Amino acid sequence: MTNPFADRLRARESLVGAWATIGHPVVAEVLAAEPVDFVVLDGEHSESTIGDLADCVRAVEATNQRVPSAETATVVRASAPDRAEIKRLLDLGVDGLVVPQIESVGDARTAVDATQYPPAGVRGVAGGRASEYGTDVDREVEGANDRVATVLQVETPGAVDDLDAIAALDGVDSLFVGPADLSARLGDFGNFDAPAFRDARERVVDAATNADGAVSVGTLATSTENATTRRDDWNMDYVVAGVDLDYLRDGLGDYLDALDGGGRE
């Protein structure tokens, strides 16, 4: 089986995603029905259990079946480069995996090895959802290494130092700049114009561009004002267009502003 999302990511197409931290299938359904290319289901900074994430994966896939225009990929963010957790998330049958907290090329190699079946990696074989609950294990083991997109977050000085080696690893499909954590770890939280942050961001783009394989670069936009800036000025291939909590807050805020502030000071 092929994965159009992985192919498009590796081709460095200009994609737009949405981020879901609320681990409820209704949220996943609503986001997937919009004209986005993928939805990231957050397993790091959220209250979601792996069961919540599984329900949201099913919700996105059901939306693709129910809404004629929907072709939304499922991407899950792990909480760390943890081999056991990565294995469980991949067994859900997702299209892509985001791995945060990469501190070095060693962490990156651990993460990538965990996404790959032997002999390329160390991913365990099981009869989970990805293999149709054991009825299609051969197909899953044969094709999953190429089918699932692996995205590594760059949000630490150690990852920046090892960028060229990280981008050169077989199995890395994309690097994702985490603006908040990267700026914090560089000692100037939220200052995205700081020389250190700008240099790190540019090094991510250079490493991806110079890699032998097809490695794309993406980031998170946190407002409609910075969405095009982060995509175009930062030279990103794709952007995640905000977070579900902000969609709620901003939508209500627009109504309150329209009603003369709704009594707010």
- Query: D254 is checked against (1) out of contact with any Ser or Thr (no Cβ under 7 Å at 6 or more places or on another chain); (2) modelled with pLDDT of 95 or more; (3) not aliphatic (A, V, I, L, M) and fails just one. What number does that condition carry?
  - Reply: (2)
- Exception for A84 within (1) part of a helix (DSSP H, G or I); (2) closer than 17 Å to E132 by Cβ falls at (2)
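When you look at E47, is it assigned to a loop (DSSP other than H, G, I, E, B) and not aromatic (F, W, Y), yes or no? Spell out how you get there, then give the answer.
Numbers: assigned to a loop (DSSP other than H, G, I, E, B): yes; not aromatic (F, W, Y): yes.
Taking the combined requirement at face value, the residue satisfies it.
Residues of the stretch 113-143 being assigned to a loop (DSSP other than H, G, I, E, B) and in contact (Cβ under 8 Å) with a residue 24 or more places away in the chain, which ones? Reasoning before the result, please.
Let us first name the residues in the stretch 113-143 that are assigned to a loop (DSSP other than H, G, I, E, B), namely 116-128, 132-136.
Within the stretch 113-143, Q116, Y117, A120, G121, V122, R123, G124, A126, G128 meet the criteria.
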- Task: Could you list, in sequence order, all residues of the stretch 31-63 that are surrounded by fewer than 18 Cβ atoms within 10 Å (Cβ to Cβ) and closer than 14 Å to A18 by Cβ?
- Result: A33, E34, P35
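Name the residue, out of E44, E71, E29, that is within 21 Å of R249 (Cβ to Cβ), out of contact with any strand residue (DSSP E or B) (no Cβ under 8 Å at 6 or more places or on another chain) and acidic (D, E). Spell out how you get there, then give the answer.
Working: E44 fails: out of contact with any strand residue (DSSP E or B) (no Cβ under 8 Å at 6 or more places or on another chain); E71 fails: within 21 Å of R249 (Cβ to Cβ).
Matching residue, one of E44, E71, E29: E29.
Yes/no per residue for (1) free of Cβ contacts under 8 Å to residues at least 12 places away in the same chain; (2) crowded, with 21+ Cβ neighbours inside 10 Å; (3) closer than 20 Å to S79 by Cβ; (4) β-branched (V, I, T):
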residue: T150; (1), (2), (3), (4): no, yes, yes, yes
residue: A167; (1), (2), (3), (4): no, yes, no, no
residue: V172; (1), (2), (3), (4): no, yes, yes, yes
residue: D188; (1), (2), (3), (4): yes, no, no, no
residue: A196; (1), (2), (3), (4): yes, no, no, no
residue: A207; (1), (2), (3), (4): no, yes, no, no
residue: D212; (1), (2), (3), (4): no, no, no, no
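Does V60 count as under 23 Å from L175 (Cβ atoms) and either modelled with pLDDT of 95 or more or within 17 Å of the chain's Cα centre (by Cα) (or both)?
Working: under 23 Å from L175 (Cβ atoms): no; either modelled with pLDDT of 95 or more or within 17 Å of the chain's Cα centre (by Cα) (or both): yes.
No, not satisfied.
The values are calculated or read from the model by the stated rules, or taken from the named source; none is laboratory data. Here the structure is a predicted model, which means the values were calculated and not measured. Cβ coordinates were reconstructed from backbone atoms using ideal geometry, including for glycine residues, and neighbour counts include every protein chain displayed.
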